[in-house]
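Colleague: Structure below; questions to follow.
What follows is calculated from the coordinates using simple rules that are stated; it is not laboratory data. Bear in mind that the values here come from a model prediction, so they are computed numbers and not experimental data. Cβ placement follows ideal geometry from the backbone for every residue including glycine, while neighbour counts extend to all protein chains displayed.
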Amino acid sequence: TIPDLALGLLFVAAVGLGAFAGTLALFIHTATVLGKLLSESVENIDEGVVEAIRATGASYTQILTFAVLPQVLPDLISFTLYRFETNIRAASVLGLIGAGGIGYLMNTSFRTFQYQEAAAIVLVLIVLVMVVDYASSRLRRLVV
């Protein structure tokens, strides 16, 4: 996506070519997206549950544990799995701009005319995305 690429280019300029720049780009973008989504989820919890537990004399930690977390956890898991899937795809694109990772290997294979190696990398990426998508959908069904 555009933010991943923009951050990737920024970090490549700041720290040089390599996987560290790509990791920083994905980390910053994922942390900000998850922070925003989680804050929206917390704002939309049922205040009645919080008030009911508060009325029993529960501490702040108990309110978080028994009122807020059960309402937010399904969203948190779903959002985190989604970003994990997105990061796998973005890592391959970030490698094309020199930010390291599997995309860098794929780009190098194409530039050196190693088409069998490039095809194998693309196949591994496709299988990896499919496996992660399947595993995350199964986990979502269990939790959400």
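Colleague: Springs between alpha-carbon atoms under 10 Å, Gaussian network over the chain: tell me which of ILE53, ILE121, ILE77 tops the mean-square fluctuations.
Modeller: ILE53
Colleague: Would you work out the charge dipole size for the chain about its Cα centre, treating the Cβ of every Lys and Arg as +1 and the Cβ of every Asp and Glu as -1, and quote it to the nearest 20 debye? Before the final figure, lay out each step's value.
Modeller: Values: 8 positive and 10 negative charges, 78 e Å.
Dipole magnitude for the chain comes out near 380 debye.
Colleague: Could you calculate the FRET efficiency of GLU117 with LEU142 from 1/(1 + (r/R0)^6), where r is the beta carbon distance between them and R0 is 41 Å, rounded to 0.05?
Modeller: Numbers: r = 37 Å, r/R0 = 0.91.
It comes out at approximately 0.65.
Colleague: Sticking with this one: Based on the alpha carbon coordinates of region 1-78, what radius of gyration and maximum Cα-Cα distance (Dmax) apply, in Å?
Modeller: 18.5, 56
Colleague: Compare ASP46, ASP75, ASP133 in a GNM of the chain, Cα atoms joined below 10 Å, and give the one with the largest fluctuation.
Modeller: Sorting by GNM fluctuation, first place goes to ASP46.
Colleague: Multiply the residue separation of LEU38 and ALA55 by 0.36 nm, subtract the distance between their alpha-carbon atoms, and state the gained length in nm to one decimal.
Modeller: Values: separation 17, 0.36 × 17 = 6.12 nm, distance 2.55 nm.
Stretched out fully, the LEU38 to ALA55 stretch lengthens by 3.6 nm.
Colleague: Here's a follow-up. What is the Cα convex hull volume of region 61-144 when expressed per residue in Å³? Walk me through the numbers on the way to the answer.
Modeller: Numbers: hull volume 6.9 nm³, N = 84.
Dividing the Cα hull volume of region 61-144 by its residues yields 82 Å³.
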